[in-house]
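**Q** Here it is, the structure in full.
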Amino acid sequence: QTPTSVTSSADLVGGTPGGYNGALVETAFSMGGRFVTFAAPATSVVPAVQSGLSSVYRADRMTRAVELVSVSTTGALADASCFAGGTSVDGAWVALLSEATNLVPNAAQAVHDTYVRCADQEWTARIG
């Protein structure tokens, strides 16, 4: 199965028009277009997010699965807004920017740090 063409933000992540209560922004596609990462302040993309802060997601356009990637290795939700930076060729790695203090240990500064999330292995690291 191959990904279909994108004509709206709902098509982008396999939702229905008006299915999310916020704009999808900062999109990046993996090579071939199977995976797309995006940031959204919506609280209706995945059930765990209820803060209204901008969060980063990875959508698999073949399986229609959407997962939150702006989380720590332990699965804690970011305590500040996150912004999408890009994705690897195969979609397994997602880069993001955030002022969150809980994505990795000892990240208490209030500046935008760059993080990478290995979505397949479920860990997050600060890279700058």
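The values are calculated or read from the model by the stated rules, or taken from the named source; none is laboratory data. Just so we're clear, the structure is a prediction, and the values are computed from it rather than from any experiment. Positions of Cβ are backbone-derived with ideal geometry, glycine not excepted, and every protein chain shown enters the neighbour counts. Areas reflect the complete protein model, heavy atoms only, side chains present, ligands, DNA and RNA absent. Shrake-Rupley method; radii C 1.70, N 1.55, O 1.52, S 1.80 Å.
Matching residues to (1) modelled with pLDDT under 85; (2) more than 14 Å from the chain's Cα centre (by Cα); (3) open to solvent by less than 50 Å² (accessible area, probe 1.4 Å):
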site: Thr16; (1), (2), (3): yes, yes, no
site: Phe29; (1), (2), (3): no, no, no
site: Phe38; (1), (2), (3): no, no, yes
site: Thr43; (1), (2), (3): yes, no, yes
site: Leu53; (1), (2), (3): yes, no, no
site: Val71; (1), (2), (3): no, no, yes
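**Q** Here is a list of conditions, (1) assigned to a strand (DSSP E or B); (2) open to solvent by 90 Å² or more (accessible area, probe 1.4 Å), and Phe83 meets all of them except one; can you say which number that is?
**A** It fails just one condition, (2).
**Q** Only one residue in Val66, Val89 is touching a helix residue (DSSP H, G or I) at 6+ places or on another chain (Cβ under 7 Å), closer than 18 Å to Val36 by Cα and either open to solvent by 70 Å² or more (accessible area, probe 1.4 Å) or touching a residue at least 12 places away in the same chain (Cβ under 8 Å) (or both), so which one is that?
**A** Val66
**Q** Any residue that is among the charged types (D, E, K, R), closer than 14 Å to Phe35 by Cβ and open to solvent by 20 Å² or more (accessible area, probe 1.4 Å) - is there at least one of those in segment 93-115? First the steps, then the outcome.
**A** So the first thing to find is which residues in segment 93-115 are among the charged types (D, E, K, R), and the list is 99, 113.
Still in the list and also closer than 14 Å to Phe35 by Cβ: none.
No, because not a single residue in segment 93-115 is among the charged types (D, E, K, R), closer than 14 Å to Phe35 by Cβ and open to solvent by 20 Å² or more (accessible area, probe 1.4 Å).
**Q** If you scan segment 52-63, which residues turn out to be in a loop (DSSP other than H, G, I, E, B) and touching a residue at least 60 places away in the same chain (Cβ under 8 Å)?
**A** Met62
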